[in-house]
């Protein structure tokens, strides 16, 4: 990565007194290579309000470059003028028209970058170019290459050289040659043998430098990649204790129960028990399972044995956090959400211990699955029992109210009593009609028997009074707080309706209680084993070749990243 050379900015400044002289000689003769610049365009609108910058002023008022009407030295126009000088009028007559020159320039197929460069060069030299193609035309007439980019270092050097003409030369250290000594080229010429020897010496220096770099590279690779890889291989092949892994797989199933159509749709998939499977996975990976396994089978004691290598061994007085790190490294549990299968791998120093640890963890998982719904089942059973007891109390209270009304009013069945009273009223009304007919019969005689008429009239009055009393007993309240049959019938009907409602609620609560008891007695979650834990007969770990290759790739990657970073930083610092 290289950066462009930096050069300080420079600006040509002229004294104020020289502006008039420059303006007086700014118009060269028409016979020279440069033509008179047209008058600057008039500023209109808001352009007249602002001041022109130095480049615009230079383009508007071109200044004399010191050569007068002479062409630029070294240009094609200077060569032509030196070889065949012509008169200014004849040269202007032989020169083609500007429109023809611009048309020829357009046919050259110049790029936009070349045109912009020509415009900048024309502005720099003060040529009044009206367009990019006109700038190319004017530059070529002036003998200037319009596509040659100015080198800033050369401009700075030329500027410093022009300043140094009026001042004393400065001595810039280091100086290998005295400043006042003449610098003449050497007259010594190398022959073929010396040239071949010099070339051979340079080739040998290149070879030595390459060998040195290769040796340094090999040393770094050996120190930072090969040596750590060799140490890792020595540990995996010689020092590492063989470990035995027991693998098992199980799935959590849900008992089928009546439910909605959507719940039955996912009943047989892993989505129905994914939450339970994730809960079991988290529990088996927790400190609680590790402490329970240590209390039952001595997990810490097993991994603290002296036969285990120091890297995998657990100290005898290690804390629970250190033991938990060993537990997470040796007990690997994964869950497949698509199939709902929980996969477990338990690593131990002996196959028997590995199988025992795996079976114990499976038992812990099954107990955890049973406990997941135990509280729910207990809550459902308690709620159903409370509902049944409340419904039973309400039903007994309603029945007691009916009994109280019957006892207080002396009515067993108000409907039957009302029917009996209405039957009596009907009978007495029939007799009353008969007595009224008999009275009419007696009154139809010319000279009726007064005693019989009065007797019939008395019977009529008694029957009417009796009928009125019976009807008043049905509808009107009696004296002494005695209720009518209608009131008694209404109160008993309300009490009977309440009793029937409470009886139906009690029956429904009893049915719910029986259903909850059935659901609580049966197991709703099952842990079904897919792969039972079997003790291996050969060690599973360490995988020496795979681990060694992995260590080599890791160290090589680390060295590569560090070397690339160091080279980038070195280049940034030295640039």
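Of note:
- Extension gain, residue 518-residue 541: 0.36 nm per intervening residue step, less the Cα-Cα distance, totals 3.3 nm.
- Extension gain from residue 511 to residue 202, taking 0.36 nm per residue of separation minus the Cα-Cα distance: 100.6 nm
- Inter-label distance, residue 392 to residue 212: 10.4 nm, where each label sits 7 Å from its Cα along the C-beta direction.
- Divide the volume of the convex hull around the Cα atoms of region 291-346 by the residue count and you get 97 Å³ per residue.
- Placing pseudo-labels 7 Å out from each Cα toward the beta carbon at residue 124 and residue 193 gives an inter-label distance of 5.2 nm.
- Once the chain from residue 339 to residue 494 is taken as fully extended at 0.36 nm per residue, the excess over their C-alpha distance is 49.8 nm.
- The simple spin-label model puts a point 7 Å past each Cα toward its Cβ; for residue 297 and residue 559 those points are separated by 4.3 nm.
- Summary of packing: across the peptides 395-402, 212-219, 122-129, the per-residue average of other C-beta atoms within 10 Å ranks them, highest first, as 122-129, 395-402, 212-219.
- Note on residue 113/residue 145: beta-carbon distance plugged into 1/(1 + (r/R0)^6) with R0 of 25 Å gives a FRET efficiency of 0.95.
Read the figures in this text as sums done on the coordinates, not as results from a lab. Not measured: the values here are computed from a predicted model. Cβ: placed from backbone, ideal geometry, glycine included. Neighbour counts: every protein chain shown.
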